[in-house]
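What follows is a short report on a single structure.
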Amino acid sequence: MRRGRAVGLAGLLGLAVSAVSAGAAFAQTDEIQVYNAQIAPPGVLNLTLHNNYTPDGRLEPDFPGGVTPNHAWNGVPEFAYGVTDWFEAGLYLPLYSLPSPGHFELDGFKLRALFVSPHAADRTFFYGVNFEFSFNEAHWDPYRYTSEIRPIVGWRLGRFDLTLNPILDNSYTGVKRLDFAPESRIDYNFNSLWATGVEEYDDFGQLNSFEPPRFQQHQLFWVIDYNGQPVNVEFGAGVGMTANTDGLVLKLILSRDLAKF
């Protein structure tokens with residue numbers, strides 16, 4: 001569902017890790033998606049609407065004053081522009097949440113730079129790296145500024161796709177405190193329009209000291225994709241596999257190209 005391209009992946013990762021440092025990640029999120037290195041074609045503006053709802057979640061926030069996951073609705077419009085066939089720039093604005101009980105809240109915004117192997121949808125092996133920079137309200141994250149380093153590695157094997165995103169989340173509190181939160185997905189493509197798959201979202205904790213298994217977060221999603229007109233659709237349902245993970249989360253992602261410049 002996401003759009004394709006990459007340059008010097010090792011060099012970009014080295015630069016990013018030396019330039020940023022991190023703290024703990026938190027479960028509340030506006031975007032639940034595994035990146036597959038496909039991006040908007042050059043000159044095309046794309047809009048993706050991310051939404052997720054937690055029918056069965058944790059009853060306490062991740063930090064004092066934060067959003068309580070249970071019965072919370074989170075989301076964000078994502079505007080993405082294909083700059084070249086290997087670079088896409090993105091803006092997430094506004095991040096929002098609707099806690100229960102509660103009122104509509106604005107949570108901040110994000111900037112994104114995504115570098116990928118050109119024409120990833122046509123490659124057996126594809127790769128890339130995404131850099132994301134977030135500006136957060138206090139109820140969304142205890143850190144005003146956070147960021148993400150998301151490597152992308154994947155293979156297309158006949159009707160099956162395997163994609164890995166070994167993410168490092170960053171709160172600018174030291175390189176050893178980068179939080180390791182990998183994502184992965186395996187797809188079965190029925191045809192060019194329909195696919196189904198399984199995604200796993202994990203959070204092991206900081207690199208200098210992983211959390212004990214009972215405090216880690218692991219969630220397994222079933223997803224189905226429609227990649228056609230008038231909009232691309234991804235729907236998923238995720239179940240928690242540890243006590244520290246929300247029991248059930250639903251996600252809906254809608255995407256379409258808006259204009260070509």
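The values are calculated or read from the model by the stated rules, or taken from the named source; none is laboratory data. Keep in mind the model is a prediction, meaning the values are calculated, not measured. We place every Cβ from the backbone using ideal geometry, glycine too, and count neighbours over all the protein chains shown.
Some notes on this structure:
- Yes/no for E105 being in contact with a Ser or Thr (Cβ under 8 Å, 6 or more places away or on another chain) and among the acidic types (D, E): yes
- Flag for T163 being surrounded by 17 or more Cβ atoms within 10 Å (Cβ to Cβ), over 27 Å from A120 (Cα atoms) and polar (S, T, N, Q): no
- Filtered by the rule that a residue be buried (at least 18 other Cβ atoms within 10 Å of the Cβ) and either over 17 Å from the mean Cα position of the chain (by Cα) or not in a loop (DSSP other than H, G, I, E, B) (or both), segment 166-179 gives L168, D169, N170, R177, D179.
- Residue ID - modelled with the highest pLDDT, chosen from residues in segment 29-66 that are β-branched (V, I, T) and surrounded by fewer than 22 Cβ atoms within 10 Å (Cβ to Cβ): V44
- Looking across V129, V83, V116, one residue alone is aliphatic (A, V, I, L, M) and surrounded by fewer than 19 Cβ atoms within 10 Å (Cβ to Cβ). It is V83.
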